[in-house]
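To start, the structure itself, in C-alpha cells.
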Amino acid sequence: MSNVFFKTPLSECIFRFKVYYLYRYRGGVNTLSNFKNFIKNALFFNEPQKTEHFILTESQDASPSEEQNAGDTANTKPDAKKRSRRLPRKTQAQPPLTQNENAPLTISKRLSENLDYMKTKYSLPVNGDIVLREFDIIVKHKVISAFIMFHDGMVERKIINQTILQPLMLLSNLDIKSTEEDIVSYISKHILPQNQLIITQEYTEVINMVNFGGCVIFLDGINTAFVADVKGWEHRNVQRPNTELVIRGPQEGFTEILRVNTALIRKILRDENLIAENISIGRRSHTPCAMLYIKDITNNALVQEVRKRLESIRIDYITDSGELEQLIEDNVFLPAPQILATERPDRVAAMLAEGKVAVIMSGSPFALVMPVTFFALIHSPEDSYVRFTYANLLRFIRILAILFSLLLPGLYVAITNFHHELIPTDLLLAIAASREKVPFPSIVEILIMEISFELIREAGIRIPGPIGPTLGIIGALILGQAAVAANIVSPILIVIVAVTGIGSFAIPNFSMGFAFRILRFVYIGLGGMVGFLGIAVGLFIHGLVLTGAKSFGVPFLAPFGPKTSGGLTDEITRAPIWKQEKRPDFLNPKDKKEQPTISKGWMNKK
Amino acid sequence: MVRKKVLRKVSTIVILCMLSGLSAGCYDRREIDDLAYVIAIGLDKGKSNVLKMTLQFAVPTAIGNGQEGGGSNGEKSSIVTTVETPTIYSGLNMVNNYISKQVDLSHAKVIIFSKELAQEGIHQYIHAIMRGREFRPNMFILVARDSAEEYIKNVKPSLEINPAKYYEMNLEAFKYTGFTGNTQLINFYLQQECTCSQAVATLAAVNRYKTTGDFTVKHSTAGNKSRSYPLEGDFKAGHIPRVGEVHSEIMGLAVFDGGTMVGELDGEETTYYLMQTGQYHYSYITLPDPIVKDKFVVLNVTQNRKPAHRVRMEDGSPKIHANIRLDADILSIQSGKNYEYAGNVHILEKAAEDFIEKGMLQFLERTTTELNADVCAFGKDMKGQFLTWKEWQEFKWLERYKDATFEIDVDLKIRRPGLIIRSKPAYSTKGEEMY
Amino acid sequence: MENKMVFGKWEAITLLMNMISTKIVLNFQRKVAEDAGTAGWILTIYISVLALLGFMVIEKLYAEFEGKDLLDIGEYIGGTVGRVMIGSVIFIFLVYIVTVVLREFSENLKIVTLTVSPISFVSLFFLAGMIVGAYLGLEALVRLHAIAIPVLTVTFLFISFAISQYFNISRIMPIFGTGLRNIFVGGFTKVSIFAELLILFLIVPYIRTHKNFKTVGYTSLFIAGFSLTMSSLIFLLVFPYPAAIEGFLPMYQLSRLINYGRFFQRVESVFVFTWGIVALLYLSAGFYFIVFTFKKTFNLTYYQPLIIPFAILIYTMSFLPPNLDSTVILETKYFRNTAWLVTFVMPIVILLIAKTIKKRKKEVKHSNG
C-alpha cells in the first residue's frame, strides 16, 4: 500500500499533464477517469467545491462605485424592513411545506368543515392540551355558531375569557350604532377588543399562530378566521446571567422569551436605527428568531450574509441557539467558536454598536453575535466597565490563563522529557525524587490527571445539587492527596494540572475554553513526541488554521493577521475609553467613528 | 461511490499508520528520573590510563525530599565515582556500566583539572567540552592544586543539601571576596581563543589543617611581598589557616599560557587581576595604618568604572598605562585616628592608593617576568591599533608581552565612613585608650 | 479566483523579512566571519547596500509592469516559452534552497535537542508544517507571518540584550578584518544573501500597486539588512574572530551564554521554539511558492495535487547530501555565491527586454496609427 502511496504522486503529475494536453479536446476516457479518481482519492484531493465564499470586503478596496451601491441599498432596504416590522406578523407567507396535499389551504365558509379540519389537524380528542370551545354569538340579530381553539398553558386564559369570549357571547347583541355590513370587519372593529388580531383565510397562518400561543376564532358562514395573540406561558424572569458573571456592570441576563430579550437590548441602545428583523427557522417548529443590527452602522453585506444563511436553513425543529450556531458557522472543524454566544444584553448591545449582527432565538437565553474574532472571545464585558488600568491587568491575566490552559501540560511533558537542562537544578532533583516511585512515564501520568480532572469537571455539572460540594472535596482530596500518596502521580504534576484547570476557567468564553481543553491533549502528545519542536509545529499549524479561518467574512485573527489599525490598543490591551475613537476596521462599518477625537467635552477650553 | 469510500478508508488507515509510526518514535524521550545527574567532573592524570575521571552525582532522593529536612537523616546527597579512561566520553561510557541510570552532564556545575594535568595542557579537553552539547558554557573551570578526585571527595557541603548549590554559591563568591575569578568555561574558552589574552582558572584544594595548633604562615605568600605577617589575601587554596566542617576551599587563580598552566596567583593578586579586567565587584581590603604602626585600616572597596588601558609600543616593547578608579567605604580604623574627617581623608586615600598600586605593579611584573601571560588582556587595546587581521597576527602580541613595562594609576576615593563619622578614643583608668 | 486575494504591505514586508533573515538562525554570522573576519558586519552592511542598489534598478524598471509577476513578464516577452523558461529557473532555484534549508534546519535541531532521533524523523515535522502551510495557501501564511514575525523579533532582541554582558568592543578589532579587498571585491557575490528577495517578484499581483511594491521592497530590504548586520555584529562582539568560525549555529551558541543568576540560565531550549517557527515559516512559504510557480508555469488549474508529490520529492532530496558540512557548503559556497544571478541579474535582463518590446510595440502602434 505504501508503495502505491509513494509512487502515485509523481505519476499523478505526469498524468495531469497528459490529461491537460492530450485529452483536452477529446473528452474524458472512461478508464482513465477511473484512474484519475483513484489518484485523487489517494492524494486526498477534492476538486474545490463551488461554494460561495463570503468575504467582507475591506472598505479601502471597495471601488467608489461599489460604495455607492452599498449606500443605495442602505437607503432603500431598511425602509422596507421597517414597514414589515410594524406589522404584527411576518407578511411573507411561509412555504407551505407542512401542508397535506389534499387538505384545504383556505378556510371554508362552513363551520363544520373547519371544525373537522382543525380536529384532524390537531388529532382531537387524542391531543389533550388543545382546548376547543363551541358557542353561539348573535351578530345583528343573527345567531352564528362559532368555536375557538387554543393550546392550554400557552395562552393567558383570563384574556381569552375577558377579551374574546365575553364580548362575543355577551356583548355581541348590544346595539351597536354602526352601518357596517361586512360581518368580518364588524367583528374586528367593534366586538373583539384585542390589540393583536389577525384576520386570515389561510390555515397555515392559523396553525402557526395556534402553535405559538394564539387563539383562533372560527365563525360560521364566513371563510375567515380571527387569530388573537394571547400568548402567556410560564417563563423565567430576567435573572442574573449564569455563565458570564461580572463584578461591575449590569446584572441582568437574557431569558427564553424572544421579545423580552429584544426589549432588553432596545432598553440599552434606545436607537430607532436598531432593526430587529423577524426570521423564523424550522420547517415544523417555525421558531421565531430576531436578527438585530443597527441600520446605519452595520455593513450591508454582512447583514445580507447573515440573513441569507438564516433563511437558507432547512431543518424540522430547532431548540436552542447552540444548534443555530452550528448551522450557520463557517467552519465546522475549526478549533474555536466563530460565533459569540452570550447571555448578557449589555454585551450584545456593545457589539451591535460596533457594527456586528446579533441573532436571538426564541427559547434560548443565549444570543449569537457575529462575526467574532479571536480577541473578542477573550474579552469580558467587564473590561470596559472597570477603569482601563484594571482592565489591562485583567486582559494580561486572561492571556496568561489561555497560555496555561493550552500549553502548560504540553510544556511540562516536553521539558521533563526532552529539555532537562532548562529546569533549575534544585527543581530538577526535586522532580526526579518525587518521580522516583511513580511507575508511569510522565506523559501517562499527566494524561491520568488531566482525564480525572475532566471527569470531575463533567461530573460537577451533572451532579444533583445537594451532592455538589462533596464532589469538590472528593476531587481535591482523593485525587490530589491520595494519588500522590499512592505514588501514582508526582506532587509537582498536581500543581501543573491544577494551574491548567484554573487557567481554563479564567477564559471568559465557555466555548473557547472548550477548544483549548481539547487542543491541550494534542499539545501533550506533540510535546511528548519531540519536545519543543513538536509544540512549535503544533503552534504553527494551529496558527495557520486560525489565520486561514473566517467568521462571516472577517479573518479570525483580524486586527493582527491581516494587520489593521488598533490591534494592540483595542484587542490585546485596552485603551482608555475616550481613546476608543474608531470602530473595528475589519468590520467595515458604515460609520467608522465611535466618538469624536475629543469626547470629553469638559476638557475643551471655552 | 463505494470505491471512493473504500479508498478514503484505506488512505485514512495509511495516514494513521504513519502517525502511529511517528508517535512510536519518541527517540529522544528520557524521563527525568531515568538520568543520573553529574554535578562535578574531576580530571586527574591516570595511573593505568591517560585520565582518571571522577564524577560526582547528585542523589535526588536525598536532595529532593525537602519535607523531612532533606539529607539530615543521614542520607548522602551525592555519590562520587572514579574511573580511569583514555578520554572523557569513553569514561562516561564506562561509568554507565555500573551507574544504573544514564549519565547526564547538562547540570554539571564544575569541571576540575588537577594541577598536574593542567601543566601538561588541557587544550584538547576544552575543545571536546565545547563541542559537547550537554556541557554548559556556564560551568566553572577549576584547577585542583593536588588532586581533583580528592577535592571532589571533600566537597561535603554543610549549609546546603545540594552540592550543586554549593558549587554555584561558592564559585560566585568572588563577587564579594575578590579572591577567585569568574572562570566559567565560556570565559576560559574566549580568553584562550582570543589572540590577545590568556586564560585563568580558579584554584581549588583541600585544606590540610586538622587542628588550630597546626596553623603556620609557612605557606603564605606574604614572604614574597616583604611582609612580616600575612594579610587575608596572601594565601592560595589549601593553605588558609582554618579548620571546620568543610574541607574544600578555593582561593587564587591558575594562569594558563594557551592551554598549559604556567603559574598561580594568590588571593591578593587575584583581586588586582579582577580590578584590571573590570570584573571586580567589591571586597574588604586590609591595609596597614599610614600613621600608627601595626594597626590596620579596613576598607570596603568597590569598582564602579571599567579600568582604562592604554598600550603604546616603545622601542619594540609594549608600554602599558592603566588607570583604575575605585571607591571605598571605611569599615574599621584600629588606630582611632580621625581619617573620616574631610581634611584627613586624603591621607588614607593616598595610603590606600599606594598600597594597591604597589601590589598591582608587583602582580603585573610577575605576569611578564615569571608567568609571561597577558591575563589582564592588555592585548585588546593593542588589537584596535591594527587595521587588518593579518597585520595583527604577524605582530604576535602574546610573545611580545614579556617585555611590557607598566604605569599604574590608581584613583581611590573614600566616600562613606560607615555609622561612625568621628573616631573618638575610649577612656580607661589609664586615660585615653585606643581601640 | 486567486487573483482576488490581496494582502497588505505589512504582511508582504514580514514575509520577505523572514525569508531573507532566516539565515540569522542558520549559519549566516559564522559565514560572514569566515569571509571577512572581524569585519563581518561591515561586509553585511556592504551587501545590504548592494542589494538596495540592485532593487533600486529593478524597481525603476518594474514601474511599467505594475501588478505583473516575473512569470507574467516572461509570457509577455516570449509567450509560453518565455514563461516556462523563467518559471523553470525560479522553480529550480526555490527547490534547491528549500531542500537545503530543510536539511539544515533538521540537522540543527538534531544537534541542538534531538540527538538520538533519526534525521528523517525530525524532517518529517517540518514537512508536516510545509504541507499544511501550502494547503491553507498564501493568505493564511502571510497572515501568520504578520503575527509571528513581531513576536520572533522580540525574542531575538531579547537574546541580543541578554548577552550584552559579554559584548567587548575589542573583539571586532582589527576593524577591517581580513582586509578591504576581501570585503568589497570578494564580498560582492555575497549579495546572494538577499536571494530570497525573488519572492517579492512573485507576489507582485497580490500587492497591487507599484507604490506598494516599492515600499515593500525597500522596507523589507532595509529591515532585513539591519537585522542581519546587527546579528553579525552581536555575534562578533561576543565571539573573538578565530573562535567565531569555530562554532556552529551562532545564534544557539549565543543563547547558551545567557546567564543571570542561578535561576535564569540554561534557557536556550526555549529558543528551539523560535527556531522551529522561523524554520516552519520559511519552509512553508518557500514550499508554497514552489508549487505556485510550478502551477503558474505550466498553467495548471489547481496547485493542491502538487503538494504531496513535491513534499515527498523535497523530503527525499534533502537527504542527498551525505553530511552536515556538505549541506552547509551546498548553501554557503554554491548558492550564496551564485544566487544573485537569479535574484538580481535575471529580473533586470527580463525587464529590460520587456521594456524594449513594449517600446517597440508602442512605436509600431504609433506608426500604424
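Kirkwood hydrodynamic radius for chain B: how many Å is it when counted over pairs of different Cα atoms? It would help to have the intermediate numbers written out before the result.
Details: mean 1/r = 0.0403 Å⁻¹.
Final number for the Kirkwood radius of chain B is 24.8 Å.
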Using the charge dipole of region A:397-473 (Lys, Arg: +1 at Cβ; Asp, Glu: -1 at Cβ; taken about the Cα centre), state which of A:Leu428, A:Ile446, A:Leu406 has its Cα farthest towards the positive end.
A:Leu406
Cα-based Rg and Dmax for region A:387-555, in Å, come out at 17.6, 54
Cleavage-rule hits, trypsin sites (Lys or Arg not before Pro), region A:428-532, DSSP coil, Cβ neighbours within 10 Å at most 12
A:Lys437
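What order, most packed first, do the peptides A:191-197, A:164-170, B:175-181, C:92-98 have when packing is the mean number of other Cβ atoms within 10 Å of each residue?
Packing proxy ranking, top to bottom: B:175-181, C:92-98, A:164-170, A:191-197.
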For all pairs of alpha-carbon atoms in region A:111-229, what percent lies in each bin of width 10 Å, listed from the first bin to the last filled one?
13, 50, 31, 6, 0
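Taking neighbour Cβ counts within 10 Å as the exposure measure, how do C:Met130, A:Met603 sort from fewest upward?
Numbers: C:Met130 29, A:Met603 8.
Neighbour counts put them in this order, fewest first: A:Met603, C:Met130.
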Over what distance in Å are the Cα centres of region B:279-347 and region B:185-257 separated?
22
If the viscosity is 1.567 mPa s and the temperature 4 °C, what translational diffusion coefficient in µm²/s does Stokes-Einstein give for chain C when Rh comes from Kirkwood over Cα pairs?
61
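I need A:Met291, B:Met360 ordered by Cβ neighbour count within 10 Å, fewest first.
Numbers: A:Met291 20, B:Met360 23.
Ranking A:Met291, B:Met360 by Cβ neighbours within 10 Å, fewest first, gives A:Met291, B:Met360.
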Test item: Cα-centred dipole of region A:258-372, Lys/Arg +1 and Asp/Glu -1 on Cβ, debye
280
Candidate aspartates and glutamates for bridging to A:Lys592, where Cα separation is under 13 Å - those fewer than 8 sequence places away on the same chain excluded
A:Glu58, A:Asp296, A:Glu354, A:Glu581
Note, region A:122-127: 3J(HN,Hα) by Karplus (6.51, -1.76, 1.60, θ = phi - 60°), whole Hz, Gly/Pro = x, goes 9, 6, 6, x, 5, 6
Let me know the shape class of region B:278-435, please: from the alpha-carbon gyration tensor, a ≥ b ≥ c as square roots of the eigenvalues, rounded when a/c is under 1.5, otherwise prolate if a/b is greater than b/c, or oblate.
prolate
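Kindly provide the helix-only [θ] at 222 nm of the protein assembly as shown, computed as the sum of -39,500 (n - 2.57) over DSSP H runs of four or more divided by all residues, to the nearest 500 deg cm²/dmol?
Values: 50 runs with 646 residues, N = 1410.
That comes out to -14500 deg cm²/dmol.
If you count, for every residue in C:274-286, the Cβ atoms of partner chains within 10 Å of its Cβ, what is the mean? Don't skip to the end; give the middle numbers.
Numbers: counts 2, 3, 11, 5, 1, 4, 8, 3, 0, 0, 3, 0, 0.
Other-chain Cβ atoms within 10 Å of each residue's Cβ, averaged: 3.
Based on the Kirkwood radius over alpha-carbon pairs, what is the Stokes-Einstein translational diffusion coefficient of region C:166-274 at 10 °C with 1.306 mPa s viscosity, in µm²/s?
Numbers: Rh = 17.0 Å.
This corresponds to a translational diffusion coefficient of 93 µm²/s.
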What percentages make up the Cα-Cα pair-distance distribution of region A:477-601 when the bins are 5 Å wide from 0?
2, 9, 11, 14, 16, 14, 10, 8, 7, 5, 3, 2, 1, 0
Dipole moment magnitude, nearest 20 debye, chain B about Cα centre, only Lys, Arg, Asp, Glu C-beta charged
1700
Check cross-link reach from B:Lys153 to the lysines: straight Cα distance under 24 Å, and skip same-chain residues fewer than eight apart.
B:Lys45, B:Lys47, B:Lys52, B:Lys76, B:Lys101, B:Lys109, B:Lys115, B:Lys165, B:Lys210, B:Lys236
Using the scaling law 2.2 N^0.38 Å as the reference, what is the normalised Cα Rg of region A:157-298?
1.37
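Is there a pair in B:Lys396/C:Lys23; C:Lys9/C:Lys361; A:Lys267/A:Lys582 whose C-alpha atoms are over 31 Å apart, and which pairs would that be?
Working: B:Lys396/C:Lys23 35 Å; C:Lys9/C:Lys361 33 Å; A:Lys267/A:Lys582 24 Å.
Among B:Lys396/C:Lys23; C:Lys9/C:Lys361; A:Lys267/A:Lys582, the Cα-Cα distance tops 31 Å for B:Lys396/C:Lys23; C:Lys9/C:Lys361.
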Under a point-charge model restricted to the Cβ atoms of Lys and Arg (+1) and Asp and Glu (-1), what is the dipole moment magnitude of the protein assembly as shown relative to its Cα centre, in debye to the nearest 20?
3440
Distant-in-sequence amide H partners of A:Asp330 (H built 1.01 Å from N, under 5 Å):
A:Phe552
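Averaged across orientations, what area in nm² does the convex hull of the alpha carbons in region C:39-153 project? Write out the running numbers ahead of the final one.
Numbers: hull surface 42.8 nm².
Directional mean of the projected Cα hull area for region C:39-153 stands at 10.7 nm².
Using a ≥ b ≥ c from the Cα gyration tensor of region B:32-265 (square roots of the eigenvalues), is it rounded, prolate or oblate, where a/c under 1.5 gives rounded and otherwise the larger of a/b and b/c decides, a/b for prolate?
Numbers: a/c = 1.78, a/b = 1.20, b/c = 1.49.
Oblate is the answer for region B:32-265, as a/c is 1.5 or above yet b/c matches or exceeds a/b.
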Between B:Ala36 and residues 5 or more places away or on another chain, the pairs with built amide H atoms under 5 Å apart involve B:Gln102, B:Val103, B:Asp104
Assertion target for A:Lys356, B:Lys156, ordered by fewest C-beta neighbours within 10 angstrom first, is B:Lys156, A:Lys356
Would you mind checking which residues have amide H under 5 Å from B:Phe406's amide H? H placed 1.01 Å from N; only 5 or more apart, or other chain.
B:Ile320
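In units of 2.2 N^0.38 Å, what is the alpha-carbon radius of gyration of the protein assembly as shown? Could the numbers behind the result be given before it?
Working: Rg = 41.3 Å, N = 1410, 2.2 N^0.38 = 34.6 Å.
Against the empirical 2.2 N^0.38 Å value, I get 1.19 for the protein assembly as shown.
None of the figures in this text is laboratory data; all of them are computed from the coordinates on show. Given the structure is predicted, the values throughout are model-derived calculations rather than measurements. Cβ coordinates were reconstructed from backbone atoms using ideal geometry, including for glycine residues, and neighbour counts include every protein chain displayed.
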